[in-house]
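**Student:** Okay, here's the structure, questions in a sec.
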């Protein structure tokens, strides 16, 4: 199991003095750093590392200093390596490279299959190859085991986010839905990336599962009200809920397997592969 592999990997340590000091400026690289680096290696993480809707490891991020993605913060901290995302502040990245800081950009993972490579890449960058290999290999085994539980029965599912935005073809959520043995209704309807879908359109197709965002209790927003619309709640044949652990598919990391696992178990509840059931 992946959790066992992570615990095992974290128990094997290397002398921190021989390892690079890292500053992460992106919520997705934050989580790879948290999983792989020694405590003494972490200079700071991004402000978003504490956001539970984006960071599966928000609790683990709490003890570390935070940064807001500014070049001035890097200049003062003088890390050996800055890791960030391709969607982060490009002016900061360019300035840091001009100032001869070592900067590595990570693309946002759009598939469950690209995650092991990103884990291994981060491990190589920060001197934690063995730890990264342990976690990446466990993730690959768990993913293969979950995919093996698929069958010809593929119920429809759709991720319906704030303001009625769906996660269609080419998104990490789409890849998770497929790996769990569902058909992504948004992709089937021709939607790609993050695209608004009229509620009437969703209701007319009556998906088996509607995955809605879990609202933040400390920051209520009108954007969340779509999940409670009477038309959506009136779908008698659809199951509606958060279903996916919070933050589990917001970034590419080994924790994405928990999203695949949760949806696989849900799919088996509503469409068993056993013909006798």
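**Student:** When only Cα pairs under 8 Å and 6 or more residues apart are kept, what is the percent relative contact order across the chain?
**Tutor:** Working: 492 pairs, mean separation 52.7, N = 277.
Here the relative contact order equals 19 percent.
**Student:** Considering only C-alpha atoms, what is the centroid distance from the stretch 18-63 to the stretch 126-161, in Å?
**Tutor:** About 22 Å separates the Cα centre of the stretch 18-63 from the one of the stretch 126-161.
**Student:** Applying 1/(1 + (r/R0)^6) with R0 = 41 Å to the Cβ-Cβ distance of residue 75 and residue 194, what FRET efficiency is obtained, to the nearest 0.05? Kindly include the intermediate steps, with their values, before the conclusion.
**Tutor:** Values: r = 34 Å, r/R0 = 0.83.
Given R0 = 41 Å and the Cβ-Cβ separation, E is 0.75.
**Student:** Determine the shape class of the chain: with a ≥ b ≥ c the square roots of the Cα gyration tensor eigenvalues, call it rounded for a/c under 1.5, and otherwise prolate if a/b is greater than b/c, oblate otherwise.
**Tutor:** In terms of gyration-tensor shape, prolate.
**Student:** Here's something else I'd like to know. Using Cα pairs under 8 angstrom and six or more residues apart, how large is the relative contact order of the stretch 2-144, in percent?
**Tutor:** Reported relative contact order: 27 percent.
**Student:** Between residue 270 and residue 137, how many nm apart are label points set 7 Å from Cα along the C-beta direction?
**Tutor:** 3.7
**Student:** Over the stretch 156-270, what is the relative contact order in whole percent, taking alpha-carbon pairs under 8 Å and six or more residues apart?
**Tutor:** Numbers: 177 pairs, mean separation 35.1, N = 115.
Computed value for the stretch 156-270: 31 percent relative contact order.
**Student:** If you don't mind, there's one more thing I want to ask. Could you tell me what percent of the DSSP beta bridges with both partners in the chain are antiparallel, to the nearest 5?
**Tutor:** For the chain, the DSSP antiparallel bridge percentage is about 15.
**Student:** Go ahead and estimate [θ] at 222 nm for the chain from helices alone: -39,500 (n - 2.57) per DSSP H run with n ≥ 4, summed, over the residue count, rounded to 500.
**Tutor:** -11000 deg cm²/dmol
**Student:** Evaluate the distance, in nm, between pseudo-label points positioned 7 Å from the Cα of residue 121 and of residue 145 along their respective Cα→Cβ axes.
**Tutor:** For the pair residue 121/residue 145, the computed spacing is 2.8 nm.
**Student:** Still on this model: Quick one: if the Förster radius is 25 Å, what FRET efficiency do residue 231 and residue 153 give, using the C-beta to C-beta distance and rounding to 0.05?
**Tutor:** 0.35
**Student:** Taking the Cα atoms of the stretch 156-270, report the difference between the largest and smallest coordinate on each principal axis, in whole Å and largest first.
**Tutor:** Computed over the stretch 156-270, the largest-to-smallest principal extents equal 35, 33, 27 Å.
**Student:** Which of rounded, prolate or oblate describes the stretch 30-102 when judged by the alpha-carbon gyration tensor and an a/c cut-off of 1.5?
**Tutor:** Because a/c hits 1.5 or more and a/b exceeds b/c, the stretch 30-102 counts as prolate.
**Student:** Another one. So what are the three principal axis dimensions of the stretch 2-144 from its Cα atoms, in whole Å, longest to shortest?
**Tutor:** Principal extents (Cα only, largest first): 42, 34, 26 Å.
**Student:** Identify which of 225, 162, 110 has the largest mean-square fluctuation in a Gaussian network model of the chain, with springs joining Cα atoms closer than 10 Å.
**Tutor:** It is 225.
Since every read-out is calculated from the coordinates, none of them should be taken as a lab result. Computed from a prediction, not measured in an experiment: that's the story for all the values here. Virtual Cβ from ideal backbone geometry, glycine too; neighbours counted across all protein chains shown.
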